[in-house]
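Working notes, structure below.
The values are calculated or read from the model by the stated rules, or taken from the named source; none is laboratory data. Since we're looking at a predicted model, the values are computed, not measured. Note that each Cβ is placed from the backbone with ideal geometry, even for glycine, and that neighbours are counted across all protein chains shown. For the accessible areas, the whole protein counts, side chains as well, though only heavy atoms, and no ligand, DNA or RNA atoms are used. Shrake-Rupley method; radii C 1.70, N 1.55, O 1.52, S 1.80 Å.
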Amino acid sequence: VDLPGYRVCAMCLPAFAVGGDFYDHYPVDGGTVFTVADVMGKGLGAAILTATVRSALRGASRAVGRVGTFDLGEAVTAAHDQIADDLDSTDSFVTMFHLKLEPAGGLVQYVDAGHGFAALVRRDGHVETLNSDDLPLGVLPNCSWLTNETHLEPGDTLVVGSDGVLDLVEDSEDEVGAVRDFVARYPEPSELCAMARALVKQKPPMDDVTIVAIRRNLAT
């Protein structure tokens with residue numbers, strides 16, 4: 001990802017030949033959009049539905065951006081309306097963390113559709129979990145999703161992972177806490193992804209492992 005002032009690393013390692021996780025990124029007016037999503041299921045069926053979700057979300061995000069003020073919640077809602085029949089006919093749902101970064105000021109707008117893990121690792125090592133009470137796509141008809149905001153300050157790292165990341169950490173009663181400790185130890189995106197790949201080789205997980213990490217450079 002060519003994002004001046006930031007360092008980005010992303011990876012998606014399917015548990016099987018094809019998987020239901022995906023990540024995506026693309027420019028929009030005023031910034032760059034990043035998405036991490038997990039389609040329920042494994043194998044070819046999930047992979048086909050994954051491609052449908054990715055296409056619908058890209059189209060909705062760009063359409064919303066063209067008609068006025070870019071609103072991530074509206075884009076996710078519009079994408080859900082497009083794929084609702086597919087989700088219903090396959091009895092599937094999709095968890096998603098969808099964000100827009102405005103590079104100049106570090107503003108992060110995001111939608112958490114039941115995804116479960118995104119964290120902001122501050123420069124001092126403090127970890128803030130980003131989530132919401134919004135449901136995954138496909139759980140209920142006629143849902144809508146809200147846009148939340150935070151800021152990525154110089155030296156901060158934003159990490160979004162799929163639930164397969166939980167399989168990488170040591171067994172713990174507090175799996176989310178263990179993952180928070182894991183990302184805090186590796187705030188450099190390339191180092192975090194390298195460590196995750198190493199752990200996958202040591203103990204192949206039962207679920208897809210997807211990570212997107214975005215670090216804002218310190219001012220020079």
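Which one is nearest to D156 (Cα to Cα) among residues in segment 179-213 that are touching a helix residue (DSSP H, G or I) at 6+ places or on another chain (Cβ under 8 Å) and of a type in the set (S, T, Y)? Ranking the candidates gives Y186 first. Would you check if there is a residue in segment 95-108 being of a type in the set (D, E, K, R) and either over 18 Å from the mean Cα position of the chain (by Cα) or farther than 18 Å from V1 by Cβ (or both)? No, there is no match, as no residue in segment 95-108 is of a type in the set (D, E, K, R) and either over 18 Å from the mean Cα position of the chain (by Cα) or farther than 18 Å from V1 by Cβ (or both). Determine whether E175 is among the charged types (D, E, K, R), within 16 Å of D38 (Cβ to Cβ) and open to solvent by 20 Å² or more (accessible area, probe 1.4 Å). Yes; evaluated as a whole, the condition is true for this residue.
Kindly check whether there is at least one residue in segment 49-56 that is closer than 20 Å to E149 by Cβ and open to solvent by less than 20 Å² (accessible area, probe 1.4 Å).
From segment 49-56, those closer than 20 Å to E149 by Cβ are none; that's our starting set.
Looking through segment 49-56, none of the residues is closer than 20 Å to E149 by Cβ and open to solvent by less than 20 Å² (accessible area, probe 1.4 Å).
Would you confirm whether or not segment 171-178 contains a residue that is at pLDDT below 90 and among the aliphatic types (A, V, I, L, M)? Yes, there is a match, as at least one residue in segment 171-178 is at pLDDT below 90 and among the aliphatic types (A, V, I, L, M). Name the residues in segment 34-50 that are within 20 Å of A10 (Cβ to Cβ) and either in contact with a Ser or Thr (Cβ under 9 Å, 6 or more places away or on another chain) or modelled with pLDDT under 85 (or both), would you? Scanning segment 34-50 gives T35, V36, A37, D38, V39, A46, A47, T50. The residues in segment 119-157 that are in contact (Cβ under 8 Å) with a residue 12 or more places away in the chain and on the phi > 0 side of the Ramachandran plot can be counted, and the count is 3.
Annotation: L166 fulfils all but one of (1) modelled with pLDDT of 90 or more; (2) within 23 Å of T95 (Cα to Cα); the unmet one is (1). Of the listed requirements (1) crowded, with 18+ Cβ neighbours inside 10 Å; (2) at pLDDT 85 or above, G5 misses just one: (1). Screening M195 against (1) touching a strand residue (DSSP E or B) at 6+ places or on another chain (Cβ under 8 Å); (2) at pLDDT 90 or above leaves a single unmet condition, (1). Put simply, of V209, V183, V200 the only residue that is touching a residue at least 60 places away in the same chain (Cβ under 8 Å), of a type in the set (A, V, I, L, M) and open to solvent by 10 Å² or more (accessible area, probe 1.4 Å) is V200.
What is the number of the single condition among (1) crowded, with 16+ Cβ neighbours inside 10 Å; (2) under 18 Å from the mean Cα position of the chain (by Cα) that G59 does not meet? Among (1) crowded, with 16+ Cβ neighbours inside 10 Å; (2) under 18 Å from the mean Cα position of the chain (by Cα), the lone unmet condition for G59 is (1).
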